[in-house]
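Worksheet: one structure, shown below.
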Amino acid sequence: MSSKPAIPAAYALHLLELVARWEISPDQLLAGSGHSQEKLAAPGAFLSIAELEDLFARARRLTGEDGLGIYLGMQIPVSAHGYLGFAAMTAKNIREALEMATRYVPIRTTALALNLEVEKEEARLVLEEHADLGGAREAVVLALLTGIAQIGSSLTGKPLRGRAEVVFPEPPYYRRLARLLTGPVHFARRRNCLVFSSSLLDLPLVLHDPVAQRLAREQCEQELARYGSGGQLLLRVRGALARDDGGVRGLEEVAAELHVSPRTLKRKLAACGTSYSELLDEMRQSRAVRLLRADRLSVDEIADRLGYSDAANFARAFRRWTGTTPGAFRAAARGGEA
C-alpha cells in the first residue's frame, strides 16, 4: 500500500454492481478513468482519493441519484473487507469483532480509522477521517456507517437499534431514503460515529468459528506486519500533526507526542516511504481544501492556521497542489460543487 491515503478498489466493484440498477454498465461508469473492471478486481488494487471522488461524481451524474452512499452501504457484504472482514465475522461477539476492526483497519486504508469508545450504558464506534475525501466524503461516510450497521445485524441475526451521527449537514435525499435504514442519522454533529447500547457488545455472532477466526487473525497480523504497522504509524503521525487550536505541530512536537526521538521518527517514516514534510504537506492540502470550501475563514486566516508565514507562501503551495489559487478554488467551489 502506498503511503498516500487510498481506498481498496474492491469497494469500487460494488459501486459498479450498484449502478447497474440504473442500467449503467461498468464501461459507462469507468469511461475515461483509466480503470477497467479487471484492473479493479486485481488483488491489492487501490484507488486514490481523487480517483474515488471522480468515480462517485460520475456515478451520481449517470444515475441521477445523490444518495448512492446509503445504497452502497446496504449492499456491501462483510467479505468485501478482505481478511479483516473474515476475522470480524468469525469473532465471538460484537465487541471482539469491533476490536479487531479497529486494530486491522490500517491493512485496508490509512485514509480512515475506527475507534471503539465504551461507557457504562452507551458505546460509540467512531469513524475518523485522516484524509480529505472531497466530493466523495458524504457517500463514503454514509456507506461505511450504514454498512457496519447492516453487517452487525446480519452477523447477529438480530435487528440492532442505535443511531448514526455525522459531521456534515443533512442532504436533501436523506428523508426519502431514511426508511431504508435501521436507525436515524443525526447530522451536523461533532464526529462521525455509530451510537448504540453497550449491552449489544456481548451479542454472539452466528458465524463464530474459533479455528477460522484464529487463521484470519494470523493473516491480518501478517498483513499488518508487512505494511499495516507502517500504516498505524502514519495514522498516529497524521493525528498528531494538528493542534487542538487548529494549528500544526513541528517535527519535534510530533515526536514527543509519539514518545520517540525526532531522529527515530524520521527513520521510521523513511521506512514507510514518506517523511514528516510530506505528511505535513498532505495534511495542509486536505485542510486547506476543507477550510476553503467551508467559507468561514479568510485566505489570510487559513494561511495562518496552517502555519504559513504569510498568505503569499500559502498561495504558492496551494497552486503547486491544485494548479490554481485559493481564491479561484473558493469561487469555483461556491458555484460548482457537485
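The values are calculated or read from the model by the stated rules, or taken from the named source; none is laboratory data. Keep in mind it's a predicted model, so treat the numbers as computed, not measured. Don't worry about glycine lacking a Cβ; one is built from the backbone with ideal geometry, like all the others, and counts go over all protein chains shown.
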**Fill in**
Within the stretch 313-327, residues small (Gly, Ala, Ser) and more than 18 Å from residue 301 (Cβ to Cβ) come out as 323
**Asked** Here are 101, 178: which of them is modelled with pLDDT of 95 or more, among the small types (Gly, Ala, Ser), more than 11 Å from the chain's Cα centre (by Cα) and over 24 Å from residue 288 (Cβ atoms)?
**Response** 178
**Identity of the residue in the stretch 276-302, under 22 Å from residue 129 (Cβ atoms) and among the small types (Gly, Ala, Ser), that ends up surrounded by the most Cβ atoms within 10 Å (Cβ to Cβ)** = 288
